[in-house]
Amino acid sequence: MEKNFVIAGFGGQGVLLAGEVLANAFMLEDKKVTWYPCYGAEMRGGTVNCEIVMSDEEVSSVNKKEADFIIVLNQASFDKFEPKVKKGGYLIVNTSLAEKIENRSDIHYVFAPISEMAEKLGNVKMANMLSLGLLMRASGLLSVDILEKALDTVLPVHRKNLLPLNKNAMEMGYKYDLLAVNC
């Protein structure tokens, strides 16, 4: 089984960290993984995305034509990546920074005010981990516990104090009522 993921937003939203956590979580589950970051020269505030490919077999490449799951944290990312969702795939949309539009009838949309939810936790920078919780709820591929272990592995020592807040964000995303958003 191979699954393809894209996480996209603007610099400073923790897109690359979220992708690194997801890739490490799959590795903890003995999956084969590639993680490919992509960002513009402008960095913070510019467009950023990363692709993660997970498989039971060796992964041949990244930069796939389509993805099974895509998280978009802003409108520019929505506009760019909505066409890349595979038929039957999922697009998780941060409605705090992107419009709630369903242009396609062949994919599943998960709309959630991710940034607003993160602010309720006390830090909008938790939107990235909150979106991973939503992704795990929609996909059923990993538990929040595995994500938390991966985060602990990835976070540098000087950021370990943020583990509890990040874990709360993951759990909040995972517990979000997907049925209320017609998933």
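If you go through segment 159-176 and pick out every residue that is within 17 Å of Ala112 (Cβ to Cβ) and more than 15 Å from the chain's Cα centre (by Cα), you end up with 2.
Residues in segment 124-183 that are in contact (Cβ under 8 Å) with a residue 12 or more places away in the chain, over 30 Å from Gly88 (Cβ atoms) and of a type in the set (Lys, Arg): Lys125, Lys167.
Would you say Gly122 is out of contact with any Leu (no Cβ under 6 Å at 6 or more places or on another chain) and farther than 28 Å from Ser55 by Cα? Yes, satisfied. Only one entry in Ser77, Ser96 is out of contact with any strand residue (DSSP E or B) (no Cβ under 7 Å at 6 or more places or on another chain) and more than 17 Å from Leu141 (Cβ to Cβ), namely Ser96.
Here is the figure for segment 156-171: residues that are among the hydrophobic types (A, V, I, L, M, F, W, C), surrounded by 12 or more Cβ atoms within 10 Å (Cβ to Cβ) and modelled with pLDDT under 95 total 3. Evaluating Ser96 against the criteria (1) farther than 18 Å from Val15 by Cα; (2) free of Cβ contacts under 8 Å to residues at least 60 places away in the same chain; (3) not β-branched (Val, Ile, Thr) leaves one unmet condition, (1). Against the test of being farther than 23 Å from Tyr176 by Cβ and of a type in the set (Gly, Ala, Ser), the options Ala150, Ala138, Ala112, Ala76 yield a single qualifying residue, Ala76.
The values are calculated or read from the model by the stated rules, or taken from the named source; none is laboratory data. Note that the coordinates shown come from a computational prediction; the quantities given were computed from them, not determined experimentally. Note: ideal-geometry Cβ built from the backbone for every residue, glycine included; neighbour counts use all protein chains shown.
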